[in-house]
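Input: a single structure, listed below in structure tokens.
Each value in this text was obtained by applying a stated rule to the coordinates, not by laboratory testing. Quantities reported herein were computed from a predicted structural model and do not represent experimental measurements. Please note: Cβ atoms are built from the backbone with ideal geometry, for glycine as well, and neighbour counts cover all protein chains shown.
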Amino acid sequence: MRILFIGDSIIRGTTGVNWVKHLARKHPDWTIENEGVNGDTLIRIKERLEKKLQLSRSYDAVVIQGGANDILIPSLEEKGPLFRKAAQHLLNKGYRPLEELTDVETILHDMVSLVKQRTKATIILTTIGCMSEDPGFYLNDRRDEFNGVIRNVARYSGCVLADTAAIFSQYLSKRRTTSYFLNNFFNTVWLDALQCRVLNRADALSRNRGLHLTIDGLHLNSRGGVIWLHEIEKRLLCCNDPAWIRALRK
């Protein structure tokens with residue numbers, strides 16, 4: 001199979017665990033293209049998807065992930081002057097977040113339509129894992145709203161849903177959680193990615209911060225990465241099934 005992964009840092013994997021790379025190693029017969037971009041918003045993901053499909057249309061599956069930065073960027077205003085400058089920098093570079101849920105729905109439908117018009121690929125939509133591992137953290141309410149839209153778009157457009165958020169919520173509901181969420185600017189922007197990429201310290205960062213699935217409330221540790229890998233892998237394996245079996249599953 002030839003598979004396109006497109007989204008933000010959860011797909012890119014330079015901060016935290018690169019689960020897409022592990023999936024590619026597990027299935028060497030699959031051709032996997034990682035088009036994750038750190039900080040990307042849904043609008044930019046759609047723009048990049050359109051350009052990508054102009055170059056190639058021979059995908060068997062397209063995995064679309066995003067939305068966390070649409071929630072995150074507006075919240076950076078409340079996290080201190082350095083985070084505010086970072087948010088302004090992103091806005092100046094065109095990382096414009098969607099604020100209205102109707103706009104989120106429209107962009108998702110647009111991306112689905114782009115893929116359907118230009119390929120015969122199976123489309124997999126993913127929900128947002130978490131915005132802090134504490135269910136009561138204020139950004140998780142917004143995450144729930146975004147995830148509701150993602151689930152509805154998957155349902156009504158005939159896409160496959162990889163509901164990583166539901167698995168994260170179930171897992172964390174049985175554990176003592178903390179509200180750690182991108183608590184330090186320098187860690188968030190540079191040091192965490194460096195430690196993960198060079199020193200392989202994603203899980204050590206999680207342990208030090210009392211986290212279970214992420215290194216910072218957003219980016220994945222090994223356990224979180226395994227959840228994403230297994231959820232996507234299950235859906236991708238179904239792409240090779242005969243059409244009559246896929247029909248029965250529906």
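Find how many whole Å separate the alpha carbon centroid of region 1-57 from the alpha carbon centroid of region 186-233.
One Cα centre to the other: 18 Å.
Would you mind telling me the antiparallel percentage of the DSSP bridges in the chain, rounded to 5?
5 percent
Find out how many positive minus negative residues lie around Glu145, taking Lys and Arg as positive, Asp and Glu as negative, among other residues whose Cβ is under 14 Å from that of Glu145.
Summing Lys and Arg as +1 and Asp and Glu as -1 gives -4.
With no solvent and one equal point scatterer placed on each C-alpha of region 98-250, evaluate the Debye formula and give log10 I(q)/I(0) for q = 0.09, 0.13, 0.16, 0.19 Å⁻¹, two decimals.
-0.35, -0.71, -0.99, -1.19
Tally Lys/Arg at +1 and Asp/Glu at -1 over every other residue whose Cβ is under 11 Å from the Cβ of Ile3; what's the total?
-2
Which entries of Lys21/Lys46; Lys52/Lys93; Lys93/Lys120; Lys52/Lys79; Lys93/Lys174 show an alpha-carbon separation above 30 angstrom in the structure shown?
On the way: Lys21/Lys46 23 Å; Lys52/Lys93 20 Å; Lys93/Lys120 33 Å; Lys52/Lys79 35 Å; Lys93/Lys174 40 Å.
The pairs that break the limit, which is 30 Å between Cα atoms, are Lys93/Lys120; Lys52/Lys79; Lys93/Lys174.
For the chain, modelled as a Gaussian network with Cα springs under 10 Å, which listed residue fluctuates most, Ser206, Ser56, Ser222?
Comparing Ser206, Ser56, Ser222 in the GNM, the peak value goes to Ser56.
Sum up the charges of everything whose Cβ sits under 15 Å from the Cβ of Lys46, counting Lys and Arg as +1 and Asp and Glu as -1, but leave Lys46 out.
-2
Identify which of Ala86, Ala154, Ala61 has the largest mean-square fluctuation in a Gaussian network model of the chain, with springs joining Cα atoms closer than 10 Å.
Of the options given, Ala86 has the highest mean-square fluctuation.
Cβ neighbours within 10 Å, averaged per peptide: list 223-231, 3-11, 101-109, 27-35 in order, most packed at the top.
3-11, 223-231, 101-109, 27-35
Run down the aspartates and glutamates and flag those whose C-alpha is under 13 Å from the C-alpha of Lys51, throwing out any fewer than 8 positions away in its chain.
Here the aspartates and glutamates satisfying the reach criterion relative to Lys51 are Glu35.
Calculated from DSSP H runs of 4 or more alone, at -39500 (n - 2.57) each and per residue, what is the 222 nm mean residue ellipticity of the chain, nearest 500?
Taking each H run of at least 4 residues, the total per residue is -16000 deg cm²/dmol.
What aspartates and glutamates sit close enough to Lys85 to cross-link, taking a C-alpha to C-alpha distance under 18 Å and skipping anything fewer than 8 places away on the same chain?
Asp40, Asp70, Glu77
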